[in-house]
1. What is the number of the single condition among (1) modelled with pLDDT under 95; (2) aromatic (Phe, Trp, Tyr); (3) buried (at least 20 other Cβ atoms within 10 Å of the Cβ) that Tyr122 does not meet?
2. Of these, Asn371, Asn308, which one is open to solvent by 70 Å² or more (accessible area, probe 1.4 Å) and under 23 Å from Trp131 (Cβ atoms)?
3. Output the residue which, of all residues in region 110-131 that are assigned to a helix (DSSP H, G or I) and in contact with a Gly (Cβ under 7 Å, 6 or more places away or on another chain), is farthest from Gly96 (Cα to Cα).
4. So which of Ser252, Ser268, Ser245 ends up being modelled with pLDDT under 80 and not aromatic (Phe, Trp, Tyr)?
5. Within the group Val463, Val470, which residue is modelled with pLDDT of 80 or more and open to solvent by less than 30 Å² (accessible area, probe 1.4 Å)?
6. Can you tell me which residue within region 74-95, out of those that are outside any helix (DSSP H, G or I) and of a type in the set (A, V, I, L, M), is farthest from Leu114 (Cα to Cα)?
7. Which ones in region 285-301 are open to solvent by 30 Å² or more (accessible area, probe 1.4 Å) and under 18 Å from Phe86 (Cβ atoms)?
8. Across region 332-345, what is the total count of residues that are open to solvent by 50 Å² or more (accessible area, probe 1.4 Å) and out of contact with any Cys (no Cβ under 9 Å at 6 or more places or on another chain)?
Amino acid sequence: METVSLPKKTNVSTGSLAGGNISNAFKITVNVPPGTDLNCPIPPRNLGGMGLKSTKAFPEEVYANLPDVQGALCRRIVDPIEREVFLVGMLGVTSGILPNVYGYYGGKKLEPNLYTYTLGPYGEGKSGLMWARKLAEAIHQEKHEKTAELVNAHKEEMARYKMESKMFEQGKSSTMPEQPKQPPHLKMYIPSNIGKTGMLQLLVENSGRGIMFETEADTLAEAMRQEHGGFSDVLRQAFGHEPMSFFRRTNSEDVEIPSPSLSVVLSSTFDQLLKLIPSVENGLFSRFLYYEFDSTPEFNNVFDKNKNGYSRYFTEMGIWFRKMHSELTALSHPIEFELKAHQQERFLKEFSEQKSELREHVSLALGGTVNRMGMICFRIAMQLSVIRAYEGGTLPHILECTDQDFENSLRILNTFTKHMVAVYDKLPRMKSFTTEDSGDRGALRLEQKRQCLELNGKGITNVREISILVFGSDSQKSTVHRWIKGY
């Protein structure tokens, strides 16, 4: 590998960021005027608060205060949107290659794993994700080569096993040989077009670790819709390292994954997102970091020579990350990450204020999402701190977050929060109704019909799924079918 020089980093002062019991929170009155077009999308609401109407771009302070290697990677990309997409992908990919690192959050051990989702128009701007993917390709290739070695060794063991078995059957040997076990399929990147059992099998064979990277999220959505093959629950459980188990029929054995560590990097158009996350009530919504960008009027300069070296540069930098991954894997004692006392105080204040503001200005339903955003911010701070410590040549047993990385994790999370609210506002929202609050059964029925038609218009065609989203069960699937067909 050639020596890769890191561009000089500009020093920027850290600065600081801006900083009742409601029993009927989800009971609302619905008044639908006569002649309402039930297929008309819900008009956007005034989000207010948190500067949510301001720019959703990552501020320059984010790039200036990243660890040196991550800052250099971002500065290598000349196009602003492509750079932002790369940053999102880089955070997701890097979160999956930091073994033996954890921190306590709410009494639970958390590793740095993140779920990221980039949303953009068809055919635009997502190339930054492919450069981010290269950061772990050297690790993936190393695992692939190791698998090939294990397969070859297994072939030799099987040949010996068959020979010894034949000798045993002929009475020439008194010892019955033991059949060699199948070698594991070692991977860093786990394919998304597999069923639930295949997904769990690969996690088992890779010590519960992996990265799911998919630039067309509907591929994952289709895999999740397969009969008996959906693994939405796997993604939800893996987010919090919840133990998972499955029965392997081949060997008739129960298999346990005590603490899965999965990172997910997805991208798609908004229509494709709806196939995976059809509503805000879907359990996956609050587990992802979202970044959304719009189409640009300019035609990209496809002859820009500054971009010609991207592939080689990011491939070579992947070797740097492979070295870091190897050294972290070899640690005899894992690294425990923690925030300093004043950072903990600031953290609690920031997210308490954010929770109150989002509940007041956007929706009461976002309280749980903010809780998970706090967990995600902690993970981002962990990632930045570990990489900075590795750059400095030290990997201590106890790793305290620097103020620089703490402040930057808050900046990053603040931008992601703006994008989350924008995505939330576009997703269908299932509402709870009571007859006494609606005051009009006809209005209630119209609203339910509107929701069903809206979901169908967004690409959800399964009437059972729509019935569950709107009515809470599949008992109304025949009604949904009639509404969609116009009966």
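1. (3)
2. Testing whether each residue is open to solvent by 70 Å² or more (accessible area, probe 1.4 Å) and under 23 Å from Trp131 (Cβ atoms) leaves just Asn308.
3. Step one: filter region 110-131 for residues assigned to a helix (DSSP H, G or I), giving 127-131.
Keeping just the survivors that are in contact with a Gly (Cβ under 7 Å, 6 or more places away or on another chain) gives 128-129.
Working: Gly128: 18, Leu129: 15 Å.
For region 110-131, the residue satisfying everything is Gly128.
4. Ser252
5. Val470
6. To start, the set of residues in region 74-95 that are outside any helix (DSSP H, G or I) comprises 76-79.
Subsequent filtering for residues that are of a type in the set (A, V, I, L, M) retains 77-78.
Values: Ile77: 23, Val78: 25 Å.
Here the residue is Val78.
7. In the first step, residues of region 285-301 are kept if they are open to solvent by 30 Å² or more (accessible area, probe 1.4 Å); the result is 294-301.
Across region 285-301, the qualifying residues are Asp294, Thr296, Asn300, Asn301.
8. Counting residues in region 332-345 that are open to solvent by 50 Å² or more (accessible area, probe 1.4 Å) and out of contact with any Cys (no Cβ under 9 Å at 6 or more places or on another chain) gives 7.
The values are calculated or read from the model by the stated rules, or taken from the named source; none is laboratory data. Quick caveat: nothing in here was measured; it's all calculated off a predicted structure. When we count neighbours, we look across all protein chains shown, and the Cβ atoms used for this are built from the backbone with ideal geometry, even at glycine. Areas reflect the complete protein model, heavy atoms only, side chains present, ligands, DNA and RNA absent. Shrake-Rupley method; radii C 1.70, N 1.55, O 1.52, S 1.80 Å.
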